[in-house]
Amino acid sequence: MARATLSHRRPPFEIDTVPVANRDVPVREEVAAKTPFCTLLHFRKEIDTPQPRVLLVAPMSGHFATLLRDTVRTMLADHDVYVTDWHNARDIAPRHGRSASTSSSIT
């Protein structure tokens, strides 16, 4: 019943390890960059082998980026993964948006 209630808090990704080259490697979720609109998350693995970077852009549809949890987990085996974690628009102060003096009018 608790899962049926409306939540405004992002659930954790809960990705602690990932299999890489037949061994489980620890994974740490880190903030790579942060703006008023989005936090760029990096899932850092403790490996010495360079892997291609991939950016997963979460949809801005009112859902949490954690809906991509399984995709992140799958990509982590062979990639250096970054994910956009969009902030709720209700929590962004108006001062961070476009000012009235710089906005263009629609005709």
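Laboratory data are not the source of any read-out in this text; all were calculated from the coordinates shown. Remember, predicted model here, so these are calculated numbers, not experimental data. Heads up, the Cβs are rebuilt from the backbone with ideal geometry, glycines too, and the neighbour counts pull from every protein chain shown.
Here are some notes:
- Charged neighbours of Ile47, selected by a Cβ distance under 10 Å, balance to 0 (K, R count +1; D, E count -1).
- With a Förster radius of 25 Å applied to the beta-carbon distance between Asn22 and Thr71, the computed FRET efficiency rounds to 0.70.
- Proximal charge balance of Ala65 [Cβ under 10 Å; K/R count +1, D/E count -1]: +1
- Per-residue extension of 0.36 nm, minus the Cα-Cα distance of Ala93 and Thr49, leaves a gain of 11.7 nm for this segment.
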